[in-house]
1. Normalising by the residue count of the chain, find the relative contact order in percent from Cα pairs under 8 Å and 6+ residues apart.
2. With +1 assigned to the C-beta of every Lys and Arg and -1 to the C-beta of every Asp and Glu, and no other charges, what is the dipole magnitude of region 63-197 about the Cα centre in debye, to the nearest 20?
3. Which value in Å does the Kirkwood hydrodynamic radius of region 275-423 take, with 1/r averaged over all unlike C-alpha pairs and then inverted?
4. Assign one of three labels to region 98-158, namely rounded, prolate or oblate, based on the Cα gyration tensor with a ≥ b ≥ c the square roots of its eigenvalues; rounded applies when a/c is under 1.5, prolate when it is not and a/b is larger than b/c, and oblate otherwise.
5. Select from region 366-406 those trypsin sites (Lys or Arg not before Pro) which occupy a DSSP coil region and have at most 15 other Cβ atoms within 10 Å, ordered by residue number.
6. Describe numerically, in nm with one decimal, the distance between label points set 7 Å from Cα along Cα→Cβ at Lys352 and at Arg417.
7. Can you give me the long-range amide H partners of Phe389? Hydrogens built in the peptide plane at 1.01 Å from N, cutoff under 5 Å, separation of 5 or more residues or another chain.
8. Once you charge only the Cβ atoms, +1 for Lys and Arg and -1 for Asp and Glu, what is the size of the charge dipole of the chain about its Cα centre, to the nearest 20 debye?
Amino acid sequence: MAVDLLLGLQWGDEGKGKIVDVLTKDYDIIARFQGGPNAGHTLEFDGIKHVLRTIPSGIFHKKAINVIGNGVVIDPVVFIKELEGLDQFNIDYKAKLIISRKAHLILPTHRLLDAASEASKGKAKIGSTLKGIGPTYMDKTGRNGIRVGDLELDSWKEKYRNLADKHEAMIKFYNVDVQYDLEEMEVEFFEAIKLLKELTFIDSEEYLNQAIKEGKTILAEGAQGSLLDIDFGTYPFVTSSNTTAAGACTGLGIAPNKVKEVYGIFKAYTTRVGSGPFPTELFDEVASNMAKVGHEFGAVTGRPRRCGWLDLVALKYACQVNGVTQLNMMKGDVLSGFGSLKVCTSYNYKGKAISHLPYNIEPENVTPIYTEFPCWKEDLTKMTSPSQFPKELNEYIDFLEKELEIPIKIVSVGPDRKQTINR
Ligand code: IMP
């Protein structure tokens, strides 16, 4: 059997958690392949809202096995708190959640290094979630990292001490004011490690490839969004992993020819949290309405998200890089009653109209060129079938499908599992 991928096509926060949750009933295994607790995947059902950080979004379903892949970085402290949050739901996570031995660990000093690095950048800061993501991936590629599998070795604490000492020296080198009590942080960390070790560690690439051979269905769950990809995103204002389709292969150990469907998730408008260029960003009442109606505040940091119109140039780029086979449009309900809508269909780039995403999309180089649409007025949140969609929404969807040349198969009209319409 093949593997399907689910990815965000913008700057994250597209609503991936909700769609994974909706789709999990069709899959035996849900596997996270990159990122870490910088993610906040929000799921809503039976009147309860839950935010997952590292745990795959299939954890609430009865049957699915949830795999944390080798491409993920795990902060044991955050992870254990996340598990505790599941207790109220009576989830047997010891049976349903397994972790790759090759996943890297976020140490307390990685979090401190993140803070020191950001503080040293001043105005040029990335706007990181400060969860230690960048420094952990740096240690991974620098071949210094500590992996989950190391916890099974007696020598791991020695390795830990050496690395933590090195990090402390690096923090001093940044010469910024970062206050911390490492001993206190370590008490919490080692306690969390003890609990983490009660879970099952696996050779996940072997597990997943055997599952494929046995005909099991696998959904690979991405975190963040394509425009935050370390290679293809708006560098340096990106995260430190490959959030695009290729990241699923390296982050799980599955071959490209095993990938079948690629579900691309996008919002009917655009948001971004943290620094970096955002050509269709708005600074007016329209943006504040999007933020207010769409509850556009970061699920992890609570920071307000920047809001703007849908950017088709960037969306086409993301569809291309990922090989998206079907699209899911989220939050169309937020735009009800907006009067008119704009979609950016090309850029004025240094005086010339272009329709691809160029190397530099800073405001001094790029001005968006828009196509305008009348907006739907109806409340979409109670709709249950595409036959109820207003004419204006159908026109918007038809236009996007034609431009992107990919079908929009799911339209989400609210945060709850039930507010999901198949087309
Ligand atoms: P980091 O991955 O925490 O270092 O953050 C790097 C950039 O990616 C910052 O602009 C963050 O705001 C952004 N970012 C990281 N994770 C997410 C996410 O899950 N959703 C949206 N933005 C994110």
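Every number here is computed from the coordinates shown, using simple stated rules; none is lab data. In this text the structure is predicted, and so the values were computed from the model without any measurement. A quick note on method: Cβ atoms are made from the backbone with ideal geometry, for glycine too, and the neighbour counts reach across all protein chains shown.
1. Values: 919 pairs, mean separation 86.1, N = 423.
Relative contact order of the chain: 20 percent.
2. Numbers: 21 positive and 21 negative charges, 149 e Å.
Roughly 720 debye, rounded to the nearest 20.
3. Working: mean 1/r = 0.0608 Å⁻¹.
Every distinct Cα pair counted, the radius reaches 16.5 Å.
4. On the way: a/c = 2.85, a/b = 2.38, b/c = 1.20.
Prolate shape, in that a/c is at least 1.5 and a/b is the bigger ratio.
5. Details: sites: Lys377, Lys382, Lys391, Lys402; in loops: Lys377, Lys382.
Passing both the DSSP loop test and the Cβ count: Lys377, Lys382.
6. A separation of 5.2 nm, rounded to one decimal place.
7. So Phe389 has HN proximity to no qualifying residue.
8. Values: 51 positive and 56 negative charges, 106 e Å.
It comes to approximately 500 debye.
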